[in-house]
Amino acid sequence: MRNLRPALVALAGVGFGLAQSPLATAYRLKEAPRMGPLLSEVLRFPTVAGNEKARLDQQAWVLKVGKELGFTVREAGKVTEVELPGPAGAPVIGLVVHGDVQPVDDHWTIPPFAGEIRNGIVLGRGAADDKGPLVQALLALKVLQDSGKARTHTLRLLVGSDEESSNLDFAEYLKDHKAPDFSLVLDSEFPVVVGEKAWNALTVETEMGERENRVLSATRMESGLTASIVPDQATIVLSENPRLGAVGLPPAEFKGAIHRKSVPPGVRFETQDQRAGVQITTHGKAAHAGVNAPGGRNALVALAHLLVDELPAGGAKDLLAFAKLAGQDLKGTGLGIATADPVFGFPTVVPSLLKAQENGKVRLTINIRSTPTLSGEALKAHLFKQVADFNARTGAHLEPGGFFGDTPLAFDPKGKLVKRLLASYAKATGKAAHPAISGGGTYAKRIPNAIAFGMWFPGKPYPGHDVDEQVPMEDLHKGVEVLLETLSDLACGAPLAEPLKP
Ligand SMILES: [Zn+2]
């Protein structure tokens, strides 16, 4: 578009080299002001796993807003369909988001479910993952509808509701609903994700009991919120058990010894006197264990470094020693899996949870995002052998378990759809970018012919799953512009045959 008012170009934040498309201009003028209010509203539903009321309230909200915007809306069990129809019998392009969110803990410094916007930043759980993209998609569809541009495809926004927990909504939906001809999953990063690592969890569990008689025994240990979050806090309680022949330091001296130690940058720790004992807590920084592990500071691994040499031989020491080994780096060197895959690169390894079990044992969970080089049963066999070797070496009794049922997802980077998405991204942003590999899994693994596309911009740490999740309003607007460019290309052009093939 020519003769753009300079103010508009500045508003678009893309400089003068790039002309804004008519759709982007229409968005900025008409729909962009609704981004904040709509996102604020939907952020107020605390749709964490198990909150059935929030799930239903939000589903009702999607139905109401979808209708108000003039779309066809349908409830389909745990999935809600919001549709902008094309000609009768037209092929269907899916846009897929999830309405549920990761849990929050008490380490947040902003209200997670108030839907606040401060200084152009949207604050709250789900702002990036994945309610921002839900509202971005609604507004992009609205602009496309109002533009009068002739569509060759039906656009169907599918809103899931248990992606962050059981992740069965689409398996259920696809039993009696046809999948779109192809789908864009708006739950990762731009320009397009051509590889998603597989989600695995190695668990080891054991009794807390000790094999030597020391003055201080570990009586409680805990860390993390979910397996998919770098833990920002880890705690251990040591209690004094003055038994006959017990050796080692009493609580006060033990505390002094710990305080002479240092922790890595970005981590701090504190000790607290307990009745006949001491509690030690490390504080780090939470982050998405799949897509932003380097942005986190692992409090559990820090606790392991701080204490593993000070604890009596026994279950607590064994669990921390194993966490230290697994957390040696983020690519799995300690577990012997740090092999670079030619396309995916290294796996991502994050010790995340330490939790007491109902059987009285304590379980350590290590989140492993694996690549096609080593996944599934082969990965499981390798890791179980590592645990057996660790036991043999140290006298520990760690029992291995976990989940290895996911597989990495890989697309041909020369596929037709991938190329079109890259071109639209470059056109809308004025910047070419390479296809991405993600450590996080998305619905692309659950829906045929689905690929993750946006809405996060490359080169910025992803705030989903983090404490104080937030997203700049301008990034939301820019994301809509990329989506509009993409949809005006794909939904108004000739249908793609075998879109994921070259
Ligand atoms: Zn997500």
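Counting 0.36 nm for each residue step from Lys67 to Asp412 and taking away their Cα separation leaves a gain of 120.4 nm. Extent along the principal axes, Cα only, for the range 414-502: 43, 29, 20 Å, with the longest axis given first. Electrostatic tally near Ala452: other residues with Cβ closer than 9 Å to its Cβ, Lys and Arg +1, Asp and Glu -1, net -3.
Remark: the range 337-344, residue by residue, has Karplus-estimated 3J(HN,Hα) of 10, 7, 10, 7, 7, x, 9, 8 Hz, where x stands for each Gly or Pro and the curve is 6.51 cos²θ - 1.76 cosθ + 1.60 at θ = phi - 60°. Measuring between their Cα centroids, the range 127-146 and the range 294-323 lie 43 Å from each other. Remark: the Ala88-Leu174 segment gains 28.8 nm on full extension, using 0.36 nm per residue and subtracting the alpha carbon distance. Look at the dipole of the chain built from charges on Cβ: of Val101, Ala423, Gly332, the Cα furthest out on the positive end belongs to Ala423. For His153, the accessible surface of its heavy atoms amounts to roughly 10 Å² (probe 1.4 Å, protein chains only, rounded to the nearest 10). Please report the spacing between the Cα centers of the range 461-502 and the range 364-437 in Å, no decimals. Using only Cα atoms to place each centre, the spacing works out to 23 Å.
What percent do you get for the relative contact order of the range 199-403 when only Cα pairs under 8 Å and 6+ apart count? Here the relative contact order equals 29 percent.
Placing a label point 7 Å from the Cα of Ala276 along the Cα-to-Cβ direction, the residues of the range 213-248 with a backbone N closer than 11 Å are 239-243.
Rolling a 1.4 Å probe over the protein heavy atoms leaves Thr271 with an accessible area of roughly 30 Å².
What is the log10 of I(q)/I(0) for the range 199-403, computed with the Debye formula using one identical point scatterer on each Cα and no solvent, at q = 0.11, 0.17, 0.19 Å⁻¹? Per q value, in the given order, log10 I(q)/I(0) is -0.49, -1.11, -1.34. For the range 437-502, the residue among His465, Gly440, His477 whose Cα projects farthest onto the positive side of the dipole built from Cβ charges is Gly440. The charge dipole of the range 199-403, taken about its Cα centre with unit charges on the Cβ atoms of Lys, Arg (+1), Asp and Glu (-1) only, comes to about 240 debye. Over the chain, accessible surface divided per residue gives 40 Å², non-protein components excluded, 1.4 Å probe.
Across Lys53, Lys197, Lys131, Lys175, the residue with the most accessible area heads the list, and the full order at a 1.4 Å probe is Lys175, Lys53, Lys197, Lys131.
Report the one residue of Gly36, Ala171, Leu379 whose Cα lies farthest in the direction of the positive end of the charge dipole of the chain (charges on C-beta: Lys and Arg +1, Asp and Glu -1; origin at the Cα centre). So the residue we want is Gly36. Couplings for the range 470-482, taken from phi via the Karplus curve 6.51 cos²θ - 1.76 cosθ + 1.60 with θ = phi - 60°, read 7, 8, x, 4, 5, 5, 5, 5, 4, x, 4, 4, 5 Hz in order; Gly and Pro are left as x.
Measure up Lys197/Lys445; Lys78/Lys178; Lys142/Lys478; Lys30/Lys431 against 20 Å on the Cα-Cα distance and list the ones that go over. In this structure, Lys30/Lys431 lie more than 20 Å apart at Cα. What shape does the range 356-401 have by the C-alpha gyration tensor, where a ≥ b ≥ c are the square roots of the eigenvalues, rounded means a/c under 1.5, and otherwise prolate means a/b greater than b/c and oblate the rest? Oblate, because a/c is 1.5 or more while a/b does not exceed b/c. With R₀ fixed at 60 Å, the C-beta to C-beta distance from Arg260 to Lys30 puts the FRET efficiency at about 0.45. When only the Cβ of Lys, Arg, Asp and Glu is charged (+1, +1, -1, -1), the dipole of the chain relative to its Cα centre reaches about 1100 debye. Where a ≥ b ≥ c are the square roots of the eigenvalues of the C-alpha gyration tensor, would you call the range 19-111 rounded, which needs a/c under 1.5, or, failing that, prolate if a/b is larger than b/c, or oblate? The shape class here is oblate. Rounded, prolate or oblate, given the Cα gyration tensor of the range 356-477, with a/c below 1.5 counting as rounded? In terms of gyration-tensor shape, prolate. Once the gyration tensor of the Cα atoms in the chain is diagonalised, the equivalent ellipsoid follows with semi-axes of 47, 23, 20 Å, ordered largest first. Helical content alone sets the calculated 222 nm signal of the chain at -9000 deg cm²/dmol, taking -39,500 (n - 2.57) per DSSP H segment of four or more residues and averaging over every residue. Rg and Dmax over the alpha-carbon atoms of the range 194-282 stand at 16.7, 62 Å.
The values are calculated or read from the model by the stated rules, or taken from the named source; none is laboratory data. These numbers come from a predicted model, not from an experiment. Cβ: placed from backbone, ideal geometry, glycine included. Neighbour counts: every protein chain shown. Keep in mind that these areas ignore ligands, DNA and RNA; they rest on the heavy atoms of the full protein, side chains included. Shrake-Rupley method; radii C 1.70, N 1.55, O 1.52, S 1.80 Å.
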